[in-house]
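Beneath this line is the structure, given in structure tokens, with notes to follow.
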Amino acid sequence: MIVALIIACEVGFWVLLVAGLALRYLAKMPRTGAAVLLMEPLLELILLIVTAVDLKNGAAADWKHGLAAVYIGFTVAYGHYTIKWVDGHFAHRFAGGPPPVKHYGLARAKHEGKLWVRTVLMAVVACGLLQAAIWYVGDGGDTTSLHEWQGTALKIVSIHAVIALTYVIWQKKDPGRSAAAPEEAARPEQKTLR
């Protein structure tokens, strides 16, 4: 039941997101769209309550409860960012908004660093919820799976740190600038030939 609820929450997240943005930009109802977008956190609250009730009713703490905690942590850390990112693309595509900003070089490295901080937040929330579940189950139940999910959350942070670091070491170059650079370099030579 927990896995089905996680899937339902993920589907619900995207349905509410698309419905909210459609109301905001296509139907020209910004307040109604905002109200629909504000319903997003209710999905995670429902998942948290159902997970707690499931454990209270004597369900063995297993990987499904750990997955629920990590999903809630991910939504807390990345939910607003994802909504803002999709909103920017939606506004550009359907409402004549500015094109989304693309990051290159040091700006891209900073952006990836900020995303890593979000991953740290995800891990903190997930590990906190997992620890609360471990205390809730107590010494009488098997909490091995919950401890393993705490380790998984920390591994995710470590892997993302390495990925973010690669953007500092090997900075992505702006393809527009590299194409313009040879033309700019050729201009002074053309002046001297004339």
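See the values below:
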| read-out | value |
| --- | --- |
| The chain, accessible surface, carbon-and-sulfur percent (1.4 angstrom probe) | 68 percent |
| Sum of -39500 (n - 2.57) over DSSP H runs of 4+, divided by residues of the chain (222 nm, nearest 500) | -28000 deg cm²/dmol |
| Residue with peak Gaussian network fluctuation, the chain [Cα springs, cutoff 10 Å], from Q150, Q171, Q131 | Q171 |
| Probe 1.4 Å, protein heavy atoms only - accessible area per residue of the range 92-183 in square angstrom | 67 Å² |
| Net charge, F94 excluded, C-beta distance under 13 Å - Lys, Arg +1, Asp, Glu -1 | +2 |
| Rounded if a/c under 1.5, otherwise prolate or oblate - the range 24-130, Cα gyration tensor axes | oblate |
| Environment charge at L146 (Cβ cut-off 11 Å; Lys +1, Arg +1, Asp -1, Glu -1) | -2 |
| Cα-based equivalent ellipsoid, the chain: semi-axes from gyration tensor eigenvalues, Å | 43, 25, 9 |
| Kyte-Doolittle mean at least -1.0, axial Cα span of 27 Å or more - DSSP H helices of the chain | 2-21, 63-94, 105-137, 144-169 |
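The values are calculated or read from the model by the stated rules, or taken from the named source; none is laboratory data. Quick caveat, the model's predicted, so the values are computed rather than measured. Cβ atoms come from the backbone with ideal geometry, glycine included; neighbour counts cover every protein chain shown. Surface accessibility is based on the protein's heavy atoms, side chains included, excluding ligands, DNA and RNA. Shrake-Rupley method; radii C 1.70, N 1.55, O 1.52, S 1.80 Å.
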